[in-house]
1. FRET efficiency for residue 150 and residue 100, Cβ-Cβ distance as r, R0 = 22 Å, nearest 0.05?
2. Which angle between 0 and 90 degrees, to the nearest 10, do you get for helix 66-75 versus the longest principal axis of the chain when only C-alpha atoms count?
3. Leaving out ligands, DNA and RNA, what percent of the accessible area of the chain is carbon and sulfur, probe 1.4 Å?
4. Give the accessible surface of the chain per residue, rounded to a whole number of Å², with probe radius 1.4 Å and ligands, DNA and RNA excluded.
5. Let me have the 222 nm mean residue ellipticity of the chain computed from DSSP H runs of 4+ only, each contributing -39500 (n - 2.57), with the sum over all residues rounded to the nearest 500.
6. Taking every pair of alpha-carbon atoms in the stretch 81-171, what share in percent sits in each 10 Å bin, from 0 to the bin with the longest distance?
7. Using a simple spin-label model with points 7 Å from Cα along the Cα→Cβ vector, what separation in nm is obtained for residue 70 and residue 110?
8. Calculate, in whole percent, how much of the Cα-Cα pair population of the stretch 124-165 lies beyond 14 Å.
Amino acid sequence: MSLDHAPMNSTPVGRLSAHDQTPADEDALATPFLQNLVRLVRAQDMFGAYAKRTDAQMLTRFVVTKEQRRAAAALCKADADLLGRLEQYYGAIGLTVEQQTGVVASPMLKFHDEGFGRVILIAGKLVVLSKHLRDAQRFGFYSLAELAAEGSKQVAVAVATIQQYPEVACA
């Protein structure tokens, strides 16, 4: 597998053209959640191989088609690339929560190699997000707009939980 190709995406990373983006995708790139996700993805590029890629190109690994989801479901295997994407996604949620509340929110992931597991986001002594995932190998979104909407929704849930129990979150 070359570094130029994302396993879950038929479009090679870095070759996404500007006309592949919808206006909704362009608006989604301005959301705090996607900006933080891009920061985390770029932080993993230790050698600068992706330095010239646009933010949208950096996020192509998170965009999958229906056919790719079906093919991934048949694999029944959660690989290191998938776990990395999950860590980046939930890490971006935690980072965005921290920016909005000032409380550090750290994700903890536990996955079986068959693709099921659990993610929790902890702020202080408070669990602000708890999610069970089945078929994690199918993880991905149909567009950047859908990615931004789901991530922002998870951020809103976590922020609301912290606001409801601030003394526990700051403990």
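1. So, using R0 = 22 Å, E works out to roughly 0.85.
2. Helix 66-75 sits roughly 80 degrees off the main axis of the chain.
3. Heavy-atom surface of the chain belonging to carbon and sulfur, 1.4 Å probe: 57 percent.
4. Roughly 54 Å² per residue, with all protein chains present.
5. -14000 deg cm²/dmol
6. It works out to 17, 49, 28, 6, in whole percents.
7. 3.5
8. Taking all Cα-Cα pairs of the stretch 124-165, the fraction more than 14 Å apart is 60 percent.
The values are calculated or read from the model by the stated rules, or taken from the named source; none is laboratory data. Because the structure is a prediction, the values reported are computed rather than measured. Virtual Cβ from ideal backbone geometry, glycine too; neighbours counted across all protein chains shown. SASA here: full protein model, heavy atoms, side chains in, ligands and nucleic acids out. Shrake-Rupley method; radii C 1.70, N 1.55, O 1.52, S 1.80 Å.
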